[in-house]
Amino acid sequence: FVDESLMPHPDKAGGWSIDAGLHHLKLMDGNQELFADPRQVKSDATMTLSRSDFKAPAPLASDEQVAWDRAEKSQDIATINGFLAKYPNSSRREQADSELETLYWQKASSTGTMAAYRDFLNRYPSGQGAHYVAAMAGLDKLEWQGLQNSTDASQISAFLARHPSGPYHEPAADRLDDLAWNAARASGSAD
């Protein structure tokens with residue numbers, strides 16, 4: 001599992017391609033969950049892991065185990081936060097934090113609003129997070145959608161200043177050019 005998502009069958013070389021960033025890895029050995037320390041994956045890099053990189057979490061006290069089982073199965077932000085508040089030093093802390101990030105991302109991406117993406121990025125501002133790039137791309141898309149038919153050249157210029165590259169830079173530059181051309185034609189002067 002990468003960030004709690006089950007990986008499909010490996011490619012012919014026995015591996016998978018994953019996005020750059022910080023990832024939480026889990027291996028299932030029968031019914032036993034084994035975890036590796038979070039790994040930073042770089043673009044166009046190869047990382048090799050072996051079974052020995054994965055360890056079973058330390059056993060939890062019975063009350064803590066029951067609380068964790070309930071929190072993990074709940075897929076509920078409040079329940080996982082409640083577990084962490086009650087057991088802040090749990091050996092399941094990293095797993096709970098990873099699960100929370102995934103749940104907050106699912107909430108933001110399913111809502112699909114600027115406010116939801118900003119809320120997610122306020123919680124997980126690091127460019128190393130598993131969903132940081134996707135959240136930024138979602139914000140950029142929504143911002144451009146709001147401006148693509150704008151007749152306010154200053155707003156489009158400000159967008160271009162904030163996005164000196166990326167998928168919306170060229171359409172924004174074209175829109176700014178169209179606005180300048182239309183203003184020039186409307187003025188009817190040589191200037």
Inset, instruction - For helix 132-147, report the angle its Cα long axis makes with the longest principal axis of the Cα atoms of the chain; keep it between 0 and 90° and round to the nearest 10°. - result: 30 degrees
Legend entry - Degrees separating the helix 93-111 axis from the principal Cα axis of the chain, which is the longest one: 40 degrees
Inset, instruction - Have a look at 137, 122, 164 and report the one farthest towards the positive end of the charge dipole of the chain, computed about the Cα centre with Cβ charges (Lys/Arg +1, Asp/Glu -1). - result: 122
Inset, instruction - Starting from the alpha-carbon convex hull of the chain, give the projected area averaged over all orientations, in nm². - result: 14.9 nm²
Legend entry - Residues of type aspartates and glutamates that residue 107 reaches as a straight line, Cα spacing below 13 Å, ignoring anything fewer than 8 places off in the same chain: 76, 99, 119
Legend entry - Heavy-atom accessible area order for 92, 39, 162, largest first, 1.4 Å probe: 162, 39, 92
Legend entry - For residue 41, residues with placed amide H under 5 Å, excluding near neighbours: 21, 22, 23
Inset, instruction - Report relative contact order for the chain in percent, whole number only (criteria: Cα-Cα under 8 Å, sequence separation at least 6). - result: 14 percent
Inset, instruction - Excluding residue 3 itself, calculate the net charge of residues whose Cβ lies under 13 Å from the Cβ of residue 3, where each Lys or Arg counts +1 and each Asp or Glu counts -1. - result: -4
Inset, instruction - Using only Cα atoms, tell me the angle between helix 114-123 and the longest principal axis of the chain; keep it within 0 to 90° and round to the nearest 10. - result: 50 degrees
Inset, instruction - In a Gaussian network model over the chain where Cα atoms closer than 10 Å are linked, find which of 163, 24, 131 has the largest mean-square fluctuation. - result: 163
Legend entry - Dipole magnitude of the chain about its Cα centre (Cβ charges: Lys, Arg +1; Asp, Glu -1), debye to nearest 20: 220 debye
Legend entry - region 8-166 - percent of accessible surface contributed by carbon and sulfur, probe 1.4 Å: 51 percent
Legend entry - Top of 173, 137, 96 by mean-square fluctuation, Gaussian network on the chain, Cα under 10 Å: 173
Legend entry - Rounded to the nearest 10 Å², the accessible area of residue 46 at probe 1.4 Å: 130 Å²
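Any idea of the accessible area per residue across region 1-126, 1.4 Å probe, to the nearest Å²?
63 Å²
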Inset, instruction - Using a Gaussian network model of the chain whose springs link C-alpha atoms within less than 10 Å, name the residue from 126, 91, 43 with the highest mean-square fluctuation. - result: 43
Inset, instruction - Please list, or write none, the lysines whose alpha carbon is within less than 22 Å of the alpha carbon of residue 86, excluding same-chain residues fewer than 8 places away. - result: 73
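The values are calculated or read from the model by the stated rules, or taken from the named source; none is laboratory data. Given the structure is predicted, the values throughout are model-derived calculations rather than measurements. Glycine also receives a Cβ, built like all others from the backbone with ideal geometry; neighbour counts cover every protein chain displayed. Please note that ligands, DNA and RNA were not included when accessible areas were found on the heavy atoms of the full protein model with its side chains. Shrake-Rupley method; radii C 1.70, N 1.55, O 1.52, S 1.80 Å.
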